[in-house]
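Data first, discussion second: the structure below is written as structure tokens.
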Amino acid sequence: MTTGPYAKASSSSPAYYDPYLAGRAPEYENWNVGIQREITKDMSILISYVGAQGHFVSVTNTVGLRNGYLPESYAVLAGYNAGSPATSCSGATCTAPLLTQKATAANLASAQAILAPPNPFTSATYYASNSVYQYYLAFPQYKSITDGTSFVGNTNFNALEVTLKQRTAHGLDVMLNYTYSKTIDDLGTFRVGDKPRLDRSLSTADEPQNLAATAVYQLPFGRGHIGGNSFLLRSLLSDWGLSGIVTYHSGFPIAVTGSGCGTGDILNQCMPSIVPGNASRINGSYGKSSGFTTAATYTQQQYINPNAFTVAQNVSTTTTPIGGTVSTSSQQYTNVGAGPALYVPGNASRVAALNLWGPSLFNLDLGLKRSFPIYREAKLLFEIDALNALNHVVFSAPNAVVNGGSSFGELTSVANTARDFQASARIQW
């Protein structure tokens, strides 16, 4: 028995092949312009603009018709109760929406009187185990279909880059890199199958602020430096070097999604809607809420406001009346009934809705080194490093699935490791 769109049990599940896109390799273009200036005889600065864009990038579920999705306009079938003839309805009165009813001959006849199918499969035997909406798919003769040539993605990147370098002078070597950038793409999920541009937004990989600095300093003590005339100081203080690496990243934007949206192959990725007048964040900085800062408690506090988002859902009117909203730590939905309103995509942006960003990253690594002469060119190199020297915790982004359970808005893991000391020694000749 078939379980997919209308077809006989022996029908296949082919991949759609676009002869134009199948022959297109991804295209990437890069450009930059910069100016470099000497500040001192040992220090220089480079300021650059860097740009890039990509086209014909592979991305799934972009063209809905080729992936088993219906256009938004087909939600009109949810505005009629099944019958002969079908009767219009909305909200609580949609008790048997035609869109999701079984594909009996009577229901198919009622549906076709309202909306003509794009590819009527009138010569086949239809199976009442399927639903009316499956008859309206672009290729109802197959159990399922996927787009094997979905090379339609686009990316765009622009950045200001500043690099400051000081070659070794007075025992100090320094390099500092700063990048201010923005990345936009349409390579993520899509809320509907017929309007992919709705989900062109900041990339989930966008990280606008990036700073990295390194320094190596040969301590000015011992042989040839301060205290060089003292055997004791030469023995204790010669050939020591101190190094450090500092990194800061501003964090990634949060991709807020939803759970519990309408079915019927109209909505692709379930997306929430924004509830006006509510702040996106609550309880202060990530991991800093009073009383929730220990390893045992930091996962028990919400940092995304559950009142700021809602998902259109169909629930019993005895539980929530039509138009009623539930906003708790585990549920965030608005009851819209089973009519066309259930298939209206949420209006939250794909990425960084209400300017929500994940935790930033800060890290400091330190190193202390010394070389001990052994014989002629042979020497012993000793090094001790402190990774994440400040033992700074970097949290992973909080759970951002609206109406997806009790962990919404909570931190559930960390993205870095605890402070780690490493010591090593080697002989060099």
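Things to note:
- Note on Ala105 and Arg167: their simple-model spin labels are 9.0 nm apart, each label 7 Å out from Cα toward Cβ.
- When only Cα pairs below 8 angstrom with a gap of at least 6 residues are kept, the stretch 141-244 shows a relative contact order of 22 percent.
- 26 Å Cα-Cα reach of Lys102 towards lysines, excluding residues that sit fewer than 8 places from it in its own chain: Lys8, Lys143
- Inter-label distance, nm, simple model (7 Å from Cα along the C-beta direction), Glu38/Ser144: 6.6 nm
- Eligible lysines near Lys369 by straight Cα distance, threshold 21 Å, same-chain separation 8 or greater: Lys379
- All aspartates and glutamates inside 13 Å of Lys165 as judged from Cα atoms, apart from same-chain residues fewer than 8 positions distant: Glu38, Asp42, Asp173
- Nearest-ten-degree value, helix 105-114 long axis tilted from longest Cα axis of the chain: 80 degrees
- The three principal axes of the C-alpha atoms in the stretch 176-280 carry coordinate ranges of 85, 25, 24 Å, sorted with the longest axis first.
- Residues of the stretch 72-96 falling in the label zone of Thr317, defined by backbone nitrogen less than 17 Å from a point 7 Å along Cα to beta-carbon, are 79-82, 87-96.
- Distance from the Cα centroid of the stretch 190-232 to that of the stretch 382-401 is 14 Å (rounded to whole angstrom).
- Theoretical gain in end-to-end length, Arg223 to Ser73 [0.36 nm per residue, Cα-Cα removed]: 45.8 nm
- The chain, dipole about Cα centre (Lys/Arg Cβ +1, Asp/Glu Cβ -1), debye to the nearest 20: 500 debye
- The GNM of the chain, with springs linking C-alpha atoms under 10 angstrom apart, assigns the highest mean-square fluctuation among Gly54, Gly227, Gly346 to Gly227.
- Mean Cα-pair separation over length for the chain, i.e. relative contact order, pairs under 8 Å, 6 or more apart, %: 15 percent
- Under a Gaussian network description of the chain, with springs only between Cα atoms under 10 Å, the residue in Asn278, Asn107, Asn81 that fluctuates furthest is Asn278.
- Segment Glu377..Tyr180, full-extension length gain: 66.4 nm, with 0.36 nm per residue of separation and the alpha-carbon distance subtracted.
- Ellipticity at 222 nm from helices only: DSSP H runs of n ≥ 4 in the chain, each -39500 (n - 2.57), divided by the residue count, give -1000 deg cm²/dmol.
- Spatial offset of the stretch 334-371 relative to the stretch 140-178 amounts to 19 Å, using the alpha carbon center of each.
- A Förster distance of 22 Å, applied to the separation of the beta-carbon atoms of Leu115 and Thr95, puts the FRET efficiency at 0.65.
- Cleavage-rule hits (trypsin sites (Lys or Arg not before Pro)) in the stretch 8-52: DSSP loop, at most 15 neighbouring Cβ within 10 angstrom: Lys8, Arg24, Lys41
- Modelled spin-label separation between Ala52 and Thr299, with each label point placed 7 Å from Cα along the Cα-to-Cβ direction: 3.6 nm.
- Between the listed residues Asn347, Ile39, Ile145, the Cα displaced farthest toward the positive end of the dipole of the chain, a dipole computed from Cβ unit charges relative to the Cα centre, is found at Ile39.
- Over the stretch 71-136, relative contact order from alpha-carbon pairs under 8 Å, at least 6 apart, %: 32 percent
- GNM result for the chain, Cα springs below 10 Å: residue of Leu366, Leu237, Leu390 fluctuating most strongly: Leu237
- Length released on extending from Ser406 to Ala418, taking residue separation times 0.36 nm less the Cα-Cα span: 1.5 nm
- Förster radius 25 Å - calculated FRET efficiency between Leu211 and Asn158, Cβ distance, rounded to 0.05: 0.90
- Note, ³J(HN,Hα) from phi for the stretch 283-292, Karplus 6.51, -1.76, 1.60, rounded to Hz, x at Gly and Pro: 6, x, 5, 4, x, 10, 4, 4, x, 10
- The mean of 1/r over all pairs of different alpha-carbon atoms in the chain, once inverted, gives a Kirkwood hydrodynamic radius of 26.7 Å.
Readers should treat all values here as calculations from the given coordinates under stated rules, not as data from a laboratory. In this text the structure is predicted, and so the values were computed from the model without any measurement. A quick note on method: Cβ atoms are made from the backbone with ideal geometry, for glycine too, and the neighbour counts reach across all protein chains shown.
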